[in-house]
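> One structure follows; several queries about it will come next.
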Amino acid sequence: MPAINKYLYDIEEECGVFGVYGHPEAANLAYLGLYALQHRGQEGAGICSSDGKQLHIEKSMGLIADIFTEKRLKRLPGYIAIGHNRYSTAGSSSLKNVQPLVANFSLGTIAIAHNGNLVNAAELRGRLEDEGAIFQSSSDSEVVVHLTAHSRGESFKQRLVQALQDVSGAFSLLVMREKELIAIRDPYGVRPLCLGRFDGAYVVASETCALDLIGAEYMRDIEPGEMLVINEHGLDSIKALHSPRKAHCVFEFIYFARPDSCIFNGVNVNGVRKNLGRQLAEESHIDADLVIPVPDSGMPAAIGYAEVSGIPFDLGLIRNHYVGRTFIEPKKTIRHFGVKIKLNPVREILKGKRVVVVDDSIVRGTTSKKIVKMLREVGGAREVHMRISSPATVGPCFYGIDTPTRNELIAATHMVEEIKKYITSDSLSYLSIEGLRSVIPGPDDFCYACFTNEYPISFPGEHLQQLDLFVGT
Ligand code: AMP
């Protein structure tokens, strides 16, 4: 068995993309769009603009508000812009991987911003490197640039389509050239991507919350397999890639997208999450005094749960919204801050109560365990009943959600009763798969791989290690 290394390249997990064509303040609009999409990635961000002659790029590690000063935005002139918020897994933090990626080749300069994960990127990269390609980054998205440069079509569009026919996986992709903006979605439509109109300009964004911020009107989603070319001739839609089926990521509805967004053909995320909570209450009723959410992710589902169960709702856990990805713990005096820095129980609400706690998912189980402990010890709750508004997470995601390897997923190796014991709750219930499907509009058009291990887009051997099928290779 050859050595399989999932870190051969970095995955553009959970990113946010935003593009604008035909506005004198294109970069400023991209800045605002990225601001609204900050939840999709906090590691780094960039904006690339074009004035019709030349591309201009500014990117850095950090949050949008810290990266883009007025001075920096002024260095991004032009009427076209694309922007990207990057999320990455630990250990792959590097400015060279922050997008948009800019490259020069025979047909001019291009910039790309990608959300999703290309499942055959390592294989393609190996082939391209054997043919002499020199990569600037370890990002999976760069293979698209090299494939485009290597392909033989006459026009840029033909080359790009040819390149994308070779890649497999999830991509909501923006490509900018000096005089045009191209938006493409993979044939399965895994990650969201929508089109809007603002002040005579076209706007494309991962989620509609970005359109809302600038006051753009939602027009429609970019279709799976569709390539939308926006230039001086207007908007041209090309059916570029054959779409065998749709496989929208159901986890976008459960956890990832913002509740105020409408995704996958205009469905409001908050509404779906509330319905997940309602369905969960139907399936797993328990006598209790109080329903509380794990903020923020469990909030809409907890509201739905309380509504159907008739149990009063309150905010028994308060979240500190200013916690970054890391913080410095005092060495010896107070150990294991963990989740405490983020969440604090409200004793006045919880004391002596039988509490139902609603969260969207359990991954490793560590968060739930700490929350249960905290609710009992600090909050004084008499009973703690954990309710999860999705089925048990049993499979890693290869299409762009950051999940650990299978044997780190507690539900992949433990029964519900064992998980209950581990997290020390009085009871634990997940939403059923059927219950989830009953809430999702057009359920056959979604990917449920993280709950079923049925992967709609096949992937090569590089991921078997993550699946832990070949332990010790
Ligand atoms: P864990 O402690 O590993 O079980 O994490 C569970 C918590 O992480 C839940 O509160 C979820 O809301 C949250 N969560 C679920 N999926 C993700 C993800 N892909 N990235 C970050 N947080 C997540």
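The values are calculated or read from the model by the stated rules, or taken from the named source; none is laboratory data. This is a predicted model, so every value here is computed, not measured. No Cβ is skipped: glycine too gets one built from the backbone with ideal geometry, and neighbour counts run over all protein chains shown. Protein only, heavy atoms only, side chains kept; ligands, DNA and RNA dropped before computing areas. Shrake-Rupley method; radii C 1.70, N 1.55, O 1.52, S 1.80 Å.
> I'm a student and want to see the number: the projected area of the Cα convex hull of the chain, averaged over all directions, in nm².
Details: hull surface 92.1 nm².
In nm², the orientation-averaged hull projection of the chain is 23.0.
> Can you tell me the 0 to 90 degree angle between the C-alpha axis of helix 299-309 and the longest principal axis of the chain, rounded to 10?
Value to nearest ten degrees: 40.
> Now, a different point. When the chain is fully extended, how far beyond the present Cα-Cα distance does residue 433 get from residue 74, taking 0.36 nm per residue of separation? If you can, show how the numbers build up before the last one.
Values: separation 359, 0.36 × 359 = 129.24 nm, distance 4.98 nm.
Using 0.36 nm per residue and subtracting the Cα-Cα distance, I get 124.3 nm.
> With the dipole of the chain worked out from charges on the C-beta (+1 for Lys and Arg, -1 for Asp and Glu) around the Cα centre, which of 414, 228, 291 lies farthest toward the positive end?
In the chain, that residue is 291.
> Relative contact order of region 104-234: what whole-number percent is it, with Cα pairs under 8 angstrom and at least 6 residues apart?
Worked out over region 104-234, it gives 23 percent.
> I've got another one for you. Could you pull out every residue, at least 5 positions away or on a different chain, whose amide H is within less than 5 Å of the one on residue 447? Hs are placed 1.01 Å off N in the peptide plane, and Pro or chain starts have none.
248, 249, 250
> May I ask for the distance between the Cα centers of region 45-89 and region 395-418, given as a whole number of Å?
Spelled out, the Cα-based centre of one part sits 35 Å from the other.
> Pop a pseudo-label 7 angstrom from the Cα along the beta-carbon direction at both residue 452 and residue 424 and give the gap in nm to one decimal.
Between residue 452 and residue 424, the simple spin-label model gives 3.7 nm.
> Next question, about the same structure. Straight distance only, please: which aspartates and glutamates reach the Cα of residue 353 with their own Cα at less than 16 Å, same-chain residues fewer than 8 apart left out?
Straight-line reach from residue 353, under 16 Å: 287, 289, 314, 377, 383, 426.
> Quick one: Karplus J couplings for region 147-159, per residue in order, coefficients 6.51, -1.76, 1.60, θ = phi - 60°, nearest Hz, x for Gly and Pro?
Calculated HN-Hα couplings, in order: 4, 5, 4, 7, 7, 10, x, 6, 8, 4, 4, 4, 5 Hz.
> Let me ask another. How far is helix 121-130 tilted off the main Cα axis of the chain, in degrees rounded to 10, range 0 to 90?
Between the helix axis and the principal axis of the chain, the angle is about 30 degrees.
> Oh, and also: Could you look at region 5-244 and say what percent of its accessible area is carbon and sulfur, using a 1.4 Å probe and all protein chains? Kindly include the intermediate steps, with their values, before the conclusion.
Numbers: 4290 of 8600 Å².
Using a 1.4 Å probe with all protein chains present, region 5-244 comes out at 50 percent carbon and sulfur.
> Follow-up. Given 274/421; 340/420; 74/96; 96/246, which pairs have Cα atoms separated by over 24 Å? Write out the running numbers ahead of the final one.
Details: 274/421 28 Å; 340/420 21 Å; 74/96 22 Å; 96/246 33 Å.
Check vs 24 Å cut-off fails for 274/421; 96/246.
> Give the calculated FRET efficiency between residue 321 and residue 444 to the nearest 0.05, with a Förster radius of 41 Å applied to their Cβ-Cβ distance.
0.65
> Name the GluC sites (Glu not before Pro) in region 160-249 that are in a loop by DSSP and that have at most 14 other C-beta atoms within 10 Å, would you?
232
> Counting Lys and Arg as +1 and Asp and Glu as -1, what is the net charge of the other residues whose Cβ lies under 13 Å from the Cβ of residue 425?
Surrounding charge for residue 425 is +4.
> Based on the Cβ-Cβ distance from residue 344 to residue 199, what FRET efficiency comes out when R0 is 51 Å, to the nearest 0.05?
0.75
> Using Cα atoms only, what is the angle between the long axis of helix 269-283 and the major principal axis of the chain, expressed in degrees (0 to 90) to the nearest 10?
Around 30 degrees separate the two axes.
> For every helix of n ≥ 4 consecutive DSSP H residues, a contribution of -39,500 (n - 2.57) applies; sum these over the chain, divide by its total residues, and give [θ] at 222 nm rounded to the nearest 500 deg cm²/dmol. Mind dumping the intermediate values first?
Numbers: 16 runs with 126 residues, N = 473.
Only helices count here, giving -7000 deg cm²/dmol.
> Under a 1.4 Å probe, what is the accessible area of the chain per residue, stated in Å²? Intermediate values should be presented prior to the final figure.
On the way: 19320 Å² over 473 residues.
That works out to 41 Å² for each residue.
> Using Cα pairs under 8 angstrom and six or more residues apart, how large is the relative contact order of region 5-244, in percent?
22
> Just to check I understand the Karplus step: with θ = phi - 60° and J = 6.51 cos²θ - 1.76 cosθ + 1.60, what whole-Hz values come out for region 412-428, glycine and proline as x?
Karplus-based 3J(HN,Hα) across region 412-428 equals 6, 10, 10, 7, 4, 4, 5, 5, 4, 5, 4, 7, 6, 8, 6, 8, 8 Hz.
> Please report, as a whole percent, how much of the solvent-accessible surface of region 269-444 comes from carbon and sulfur atoms (probe radius 1.4 Å).
That fraction is 52 percent.
> With unit charges on the beta carbon (Lys/Arg positive, Asp/Glu negative), name the residue among 181, 133, 371 whose Cα is farthest towards the positive pole of the charge dipole of the chain.
371
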